[in-house]
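K.L.:
Provided herewith is a single structure, encoded as structure tokens, for subsequent inquiry.
The values are calculated or read from the model by the stated rules, or taken from the named source; none is laboratory data. It should be emphasised that the depicted structure is a prediction, and the values quoted were computed from it without experimental measurement. Cβ coordinates were reconstructed from backbone atoms using ideal geometry, including for glycine residues, and neighbour counts include every protein chain displayed. Quick note on the areas: whole protein, heavy atoms, side chains included, nothing else; ligands and nucleic acids left out. Shrake-Rupley method; radii C 1.70, N 1.55, O 1.52, S 1.80 Å.
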Amino acid sequence: MDKKDELIEQLIALAFSEDVGDGDHTTLSTIPADARGKQRLIIKEEGILAGVDIARRVFDYFDPELKMTVFISDGAHVRPGDIAFEVEGSVRSLLQTERTMLNIMQRMSGIATTTARYQQQLAGTGARVLDTRKTTPGMRLLEKEAVKIGGGTNHRIGLFDMILIKDNHVDFAGGIQKAVDAAKQYCRAKGKDLKIEVEVRNTEEIKQALAAGVDRIMLDNFTPERTAEAVRVIRSAGTGVEIESSGGITFDTLRAYGECGVDFISVGALTHSVKGLDMSFKAVAG
């Protein structure tokens, strides 16, 4: 089991621990141990479906004998009334897995739906919408997977898979050149091959980042007008450095930044304030 799978399994275990505790006493007291049944996931709101593969892992973790039949896969456009999948087996298991599965799927589908909407807003610009580290603690891998399902692009997963030198790092390190030099030396010493990105606040810092030889420049809190000028400066250097816009960018302003010619636009709202997609897990009669 790789690290990602291990973290997802830990999340599922924690979810059941906080929800089921020492037992679902309502279900245990009202449903016979040998009762069998079927439930189906019914979509109640239009959007992008995400979390089907994780739902399967939830069911398998709690009761490997539950049988899941999938009708609609991750990434599909769904509408009210669509049936994403059915699960058959122990009624006790179905009832005890319901909320954990729904919590995960509703949130992932909400993120995928929002991401698809943002990426569509950038159609034709060549810019890609990025997520951030503004995620629900413990659910980052699932939320970032939902961004990918929705057509977005993952930024770094955490503090370990990319070097992002932000303004505070620059100020504490004594400048962009010193910070970048130290980062490169660190990577050589540790045998790490990590991209280096630097957040800049003005044209002078852009020039310093270019001179330092970074992989990506983040334009933090630039207006669209300043962004267009910054893109001209960076592209004219001919270094091939990637350009990212960040900071307070909303759905309404997104397209204006994309049209400036940036490669990426990071949007915290993809994960930190998204609404879950409405769906329900209902018993199948008979």
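K.L.:
What's the carbon and sulfur percent of segment 1-47's accessible surface, probe 1.4 angstrom, rounded to a whole number?
P.N.:
49
K.L.:
Can you list the HN-Hα couplings for segment 261-275, worked out from phi with the Karplus curve (6.51, -1.76, 1.60; θ = phi - 60°), rounded to whole Hz and with x for Gly and Pro?
P.N.:
Result, rounded to whole Hz: x, 6, 7, 9, 9, 8, 9, x, 5, 4, 10, 8, 9, 7, 8.
K.L.:
Run the helix sum for the chain: -39,500 (n - 2.57) per DSSP H stretch of 4+ residues, divided by residue count, reported at 222 nm to the nearest 500 deg cm²/dmol.
P.N.:
-14500 deg cm²/dmol
K.L.:
When the chain is modelled as a GNM with alpha-carbon springs shorter than 10 Å, which of GLU205, GLU18, GLU46 fluctuates the most?
P.N.:
GLU18
K.L.:
Give me the percent of accessible area attributable to carbon and sulfur for segment 159-286, probe 1.4 angstrom.
P.N.:
Carbon with sulfur: 50 percent of the solvent-accessible area.
K.L.:
Given a cut-off of 22 Å, name the pairs among LYS67/LYS148; LYS148/LYS190; LYS4/LYS148; LYS44/LYS275 whose C-alpha atoms lie farther apart than that in the structure shown.
P.N.:
In this structure, LYS67/LYS148; LYS148/LYS190 lie more than 22 Å apart at Cα.
K.L.:
Within 10 Å of each candidate Cβ there may be at most 16 other Cβ atoms; applying that plus a DSSP loop requirement, which GluC sites (Glu not before Pro) in segment 58-153 survive?
P.N.:
For GluC sites (Glu not before Pro) across segment 58-153 that sit outside H, G, I, E and B with at most 16 neighbouring Cβ atoms in 10 Å, the list reads GLU65.
K.L.:
Let me ask something additional. Checking the cross-link filter: which lysines have an alpha carbon closer than 24 Å to that of LYS207, excluding same-chain neighbours under 8 positions apart?
P.N.:
Cross-link targets: LYS166, LYS178, LYS184, LYS195.
K.L.:
Would you mind getting the accessible area per residue of the chain, heavy atoms of the protein chains only, 1.4 Å probe, in Å²?
P.N.:
That works out to 49 Å² for each residue.
K.L.:
Measure off, as a whole percent, the carbon and sulfur share of the 1.4 Å-probe accessible area of segment 92-131, all protein chains present.
P.N.:
For segment 92-131, the apolar C and S fraction of the accessible surface comes to 41 percent.
K.L.:
With all protein chains present, calculate the accessible area of TYR186 using a 1.4 Å probe and round the result to the nearest 10 Å².
P.N.:
110
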